[in-house]
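What follows is a short report on a single structure.
Nothing in this text is a laboratory measurement; each read-out follows from the coordinates by a stated rule. Computed from a prediction, not measured in an experiment: that's the story for all the values here. Every residue, glycine among them, receives a Cβ derived from its backbone with ideal geometry; neighbour counts consider all protein chains shown.
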Amino acid sequence: MKTKTSLIPTYTTESFRKRYFQGDSAWSEEAIRASVAHFEIHRRDDFRFRCQQTITSNRLDFYMVILITGGEGIHTFGVNEYYLKPGMLCFVSPGMITSWQTTVDEHAGYFCAFTSDFFQENLKDQQTLASYPFFNIEGSSALYLDEAQTQYFSNFFREIEEEYHSPNPHKADLIRAFLTVILQKAQRMMVCDPEQCLNDQSTAGLRLTKAFTRLFEQDFEPLKQLQPIQTQSLATYAAKLNVTQNHLNDTIKAVAGKTPGELIRERTLKEASQLLLNTQLSVAEICFLLKFEDPSYFSRFFKRYTNRTPKQHREKAH
């Protein structure tokens, strides 16, 4: 996802929405029509503001705070890369180069975007935002949260969301107050418990996870032309990556929280679901494309992980 520096675009909130949100832009514009100037908050599972699976290297001209309660992916913040998953709070500052890659469809949590003009309105110190460690280019851009901390921050994001959509003429002041609590609480967590910070995760483990993800994603490419996938054994992937099978399995489990087999299975189920819902291919044809031995085995596999047979899954959508 790396891009030549001279070609890295800088997005405003509006241009970022139009470029990377999957929902119809008219819907998203309607949703923010009665919004607060220079501030937005949205749910990550709102179809109007669901990001594309790949966001290439870019810069923002605004601040962003993201609470992750569902979904996962690899996010680059400046020179650091993190494997994001539920129970994390992330920060992006203007000018920071970021990118995003995920292989899952469902995400949950919140993200809010705001400018320094919004946050620092009426503040004597116009460098307040820059003083927070997570908005410093050399600081950590993400925090690990336990269940109680995740709920704590979720409550504040929910309060902000309610104010954002309310008719309250003074809602901007309340939003700033709630946002200040979030930032100050996060700062205290970083100072009091540095182990919660994801200091640079650009380690061999994350690089191996990215390399493996790239390999097996390539093996699903033939489906775009309705050709059979080319997935391989874990031993073959390990050999291509010059590591042992056990090392590959253990490393990806440690970084992603899932084994390589589980990642491939999730992608297979996703492709099976899309083919069932969006094509007229028979179950036998889909079975062939996904390299299952026979339709009955494919049906058992699909039902085991979705609680529906392929036929039931297709019929439910119609």
Which residue, Ser233, Ser141, Ser154, has the most motion in a Gaussian network model of the chain that connects Cα atoms within less than 10 Å? Ser233
Whole-Å distance, taken between Cα centres, linking region 238-313 and region 159-180: 44 Å
Just grab the label-to-label distance for Asn278 and Lys258, each label 7 Å out from Cα along the Cβ direction, in nm (one decimal). 1.8 nm
Let me have the relative contact order for region 220-270, percent, based on Cα pairs under 8 Å that are six or more residues apart. 19 percent
Multiplying the sequence separation of His38 and Gln184 by 0.36 nm and subtracting their Cα-Cα distance, what value in nm do you get? 50.5 nm
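Tell me the relative contact order for the chain as a rounded percent, counting alpha carbon contacts under 8 Å between residues six or more apart.
Details: 462 pairs, mean separation 42.1, N = 318.
For the chain, the relative contact order is 13 percent.
For the chain, what is the mean residue ellipticity at 222 nm derived from helices alone (per DSSP H run of n ≥ 4: -39500 (n - 2.57); sum divided by total residues; nearest 500 deg cm²/dmol)? Could you put the intermediate results ahead of the total?
Values: 13 runs with 143 residues, N = 318.
Taken over the chain, the calculation gives -13500 deg cm²/dmol.
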Distance (nanometres) between label positions extended 7 Å along Cα→Cβ at Lys291 and Ala108: 3.2 nm
Given the options Phe292, Phe21, Phe157, state which has the largest fluctuation in a GNM of the chain using a 10 Å cut-off (strictly under) for Cα springs. Phe292
Tyr164, Tyr297 arranged by Cβ crowding within 10 Å, fewest neighbours leading: Tyr297, Tyr164
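Sorting His165, His170 on the 10 Å Cβ count, fewest up front, what's the list? Walk me through the numbers on the way to the answer.
Values: His165 14, His170 9.
By the 10 Å Cβ count, ascending, the order reads His170, His165.
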Of Ser93, Ser299, Ser116, the one that fluctuates the most in a GNM where the chain has Cα springs shorter than 10 Å: Ser299
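In the chain, once you exclude exposed trypsin sites (Lys or Arg not before Pro) (DSSP loop, at most 10 other Cβ within 10 angstrom), what's the longest stretch remaining?
Working: sites that count: Lys2, Lys4, Arg33, Lys124.
The longest such stretch corresponds to 125-318.
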Pairwise FRET efficiency - Ser154 versus Asn242, Cβ, R0 = 51 Å, nearest 0.05: 0.75
